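Participant: Mind looking over this structure? Questions follow.
The values are calculated or read from the model by the stated rules, or taken from the named source; none is laboratory data. These numbers come from a predicted model, not from an experiment. We place every Cβ from the backbone using ideal geometry, glycine too, and count neighbours over all the protein chains shown.
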Amino acid sequence: MAKYAKVAVGGSFDAFHRGHEFLLNKAFSISKKVLIGITSDEMASKKPHKVEPLEYRVSQVEEWIKKNYPDVEYEIHVINDRFGPAANLKDLEAIVVSPETYHVALRLNEHRAALGLKRLDIVMIGYVLAQDLFPISSTRIRQGEIDREGRRLTSLKIGIGSSNKAKVKPVVSFLRTLFSNVNLEIEAIKVDSEVSEQPFNDETYLGAYNRAKKALEEVNGDYGIGIESGIFEHKINGKRRYLVYQVACVFDKYGNASFGISKGFELPEWMLERIKSGETLGDIAREISGRRDINENEGIVGFLSKNIVTRYDLSYDAVKSAFVPRLSPEYYGYNFVSSVLRDI
């Protein structure tokens, strides 16, 4: 049953795509009547790129509605300003927006309140993501990066901020699972984390961030990934204990950073004392295992756990966790407008 008698949606509806469909589906699912505002050619001409003619954009919207909602009631209005008819209609109850246009709805409500009209309920949909986990947009379609369904048409370029195969292999494995239908170009790059060789606590996050950002800049691509292993202090029942975690950071071309951590394991006190005196966990791992290559393979966690848990497991879990926010970016305030790479 419809929640509202009349709701509004608006946009250019240029390169009509799956994101537009999701917006309209939401509007028709909650209302008996939908007002659809489509920007005029004059208003669209102010954009920094060419937009399809109004007549064609309107025809694409109407064609989709007739195919999917043949019996619904709707109105199409040509918009010549920011708010369109939604600014003055008394019988309008709600507006459906995307995360990018939420701020416009807030300003619209301020405008309506100043006129003595009821504020509209704002119904925000989530981002509609393409295969690469960036939102589907007309701009990206126009640039040939994706198609209207969100299928990636160009290679997804990813830099990994490490040359250590114990970090690189699990990251590559996870990326191939996550982006199984996308052509990947992955490059492992040795970068400086700009933190201590054996970081503690929050410094570990900074190291992962620095690695991810530098890796992205080096490949001039879509994502950069950094992993840093650190020692974290916890106070449990009045006693201080120290656990080792892997921290992963994913940094994208729009400047968004997301973090994740791995399982942790407790560090023996005698190891901690030696680390405080200047040694690293890697130094200790090589000594007690008798192997020079242990840090490029199972790591000290593999040695201590008899390979029940390995460094591969920790890196895989950390990077997997770091991608969690990217599956629901609207809840994290991500910005997909200004690319950080334009500022490099």
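Participant: Would segment 250-265 turn up any residue that is outside any helix (DSSP H, G or I), of a type in the set (S, T, N, Q) and on the phi > 0 side of the Ramachandran plot?
Facilitator: Of all residues in segment 250-265, those outside any helix (DSSP H, G or I) come to 250-265.
Going one step further and asking which of them are of a type in the set (S, T, N, Q), we end up with 256, 258, 262.
Still in the running and on the phi > 0 side of the Ramachandran plot: none.
No; the residues of segment 250-265 include none that is outside any helix (DSSP H, G or I), of a type in the set (S, T, N, Q) and on the phi > 0 side of the Ramachandran plot.
Participant: Considering only segment 1-47, state which residues are of a type in the set (D, E, K, R) and either under 15 Å from residue 85 (Cβ atoms) or touching a Leu at 6+ places or on another chain (Cβ under 7 Å) (or both).
Facilitator: 6, 33, 41
Participant: Tell me, yes or no, whether segment 211-222 has at least one residue that is at pLDDT 95 or above and polar (S, T, N, Q).
Facilitator: yes
Participant: Is it the case that some residue within segment 234-249 is assigned to a strand (DSSP E or B), of a type in the set (Phe, Trp, Tyr) and buried (at least 24 other Cβ atoms within 10 Å of the Cβ)?
Facilitator: The answer is no; no qualifying residue exists.
Yes or no, residue by residue, for (1) part of a strand (DSSP E or B); (2) out of contact with any Phe, Trp or Tyr (no Cβ under 9 Å at 6 or more places or on another chain):
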position: 10; (1), (2): yes, no
position: 13; (1), (2): no, yes
position: 16; (1), (2): no, no
position: 19; (1), (2): no, no
position: 24; (1), (2): no, no
position: 51; (1), (2): no, yes
position: 57; (1), (2): no, no
position: 60; (1), (2): no, no
position: 71; (1), (2): no, yes
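Participant: Additional query: Out of (1) out of contact with any Phe, Trp or Tyr (no Cβ under 9 Å at 6 or more places or on another chain); (2) crowded, with 18+ Cβ neighbours inside 10 Å, the odd one out for residue 170 is which?
Facilitator: The failed condition is (1).
Participant: Go over the candidates 226, 282, 260 one by one and state the one that is modelled with pLDDT of 95 or more and closer than 14 Å to residue 199 by Cβ.
Facilitator: Just one listed residue meets the conditions, 226.
Participant: While we're looking at this one, here's another question. Quickly run through segment 105-118 and pick out the residues that are under 31 Å from the mean Cα position of the chain (by Cα) and either surrounded by fewer than 16 Cβ atoms within 10 Å (Cβ to Cβ) or touching a residue at least 40 places away in the same chain (Cβ under 8 Å) (or both).
Facilitator: To start, the set of residues in segment 105-118 that are under 31 Å from the mean Cα position of the chain (by Cα) comprises 105-110.
Result: 106, 107, 110.
Participant: Run down 185, 197 and say which single residue is surrounded by fewer than 18 Cβ atoms within 10 Å (Cβ to Cβ), outside any helix (DSSP H, G or I) and modelled with pLDDT of 95 or more.
Facilitator: One residue alone meets the criteria, 185.
Participant: Do we have residue 293 as under 18 Å from residue 168 (Cα atoms) and surrounded by 18 or more Cβ atoms within 10 Å (Cβ to Cβ) here?
Facilitator: Against the criterion (under 18 Å from residue 168 (Cα atoms) and surrounded by 18 or more Cβ atoms within 10 Å (Cβ to Cβ)), residue 293 does not qualify.
Participant: Okay, moving on. Within segment 301-311, is even one residue modelled with pLDDT of 95 or more and charged (D, E, K, R)?
Facilitator: no
Participant: Give the number of residues within segment 90-115 that are modelled with pLDDT under 95 and either closer than 18 Å to residue 40 by Cβ or acidic (Asp, Glu) (or both).
Facilitator: 4
Participant: Next question, about the same structure. Determine if segment 19-33 includes at least one residue that is in the same structural domain as residue 100 (by TED's automatic domain parsing), among the polar types (S, T, N, Q) and either over 21 Å from residue 127 (Cα atoms) or surrounded by 21 or more Cβ atoms within 10 Å (Cβ to Cβ) (or both).
Facilitator: yes
Participant: Continuing with this model, one more query. Can you go through 316, 254 and tell me which one is aromatic (Phe, Trp, Tyr), in the same structural domain as residue 218 (by TED's automatic domain parsing), in contact (Cβ under 8 Å) with a residue 12 or more places away in the chain and in contact with a Pro (Cβ under 9 Å, 6 or more places away or on another chain)?
Facilitator: 316
Participant: Next question. Would you be able to say whether some residue in segment 267-278 is outside any strand (DSSP E or B), touching a residue at least 40 places away in the same chain (Cβ under 8 Å), out of contact with any His (no Cβ under 8 Å at 6 or more places or on another chain) and of a type outside the set (A, V, I, L, M)?
Facilitator: No, the conditions are met nowhere in segment 267-278.
Participant: Residue 207: part of a helix (DSSP H, G or I), surrounded by 12 or more Cβ atoms within 10 Å (Cβ to Cβ) and in the same structural domain as residue 285 (by TED's automatic domain parsing), yes or no?
Facilitator: yes
Participant: Taking segment 130-156 as the region of interest, how many residues are at negative phi and surrounded by fewer than 18 Cβ atoms within 10 Å (Cβ to Cβ)?
Facilitator: Final tally of qualifying residues: 11.
Participant: A further question on this structure: If you go through segment 40-49 one residue at a time, how many are among the small types (Gly, Ala, Ser) and assigned to a helix (DSSP H, G or I)?
Facilitator: Of the residues in that region, 1 qualify.
Participant: For segment 98-127, what are the residues that are touching an Asp or Glu at 6+ places or on another chain (Cβ under 7 Å) and charged (D, E, K, R)?
Facilitator: Residue satisfying the conditions is 121 alone.
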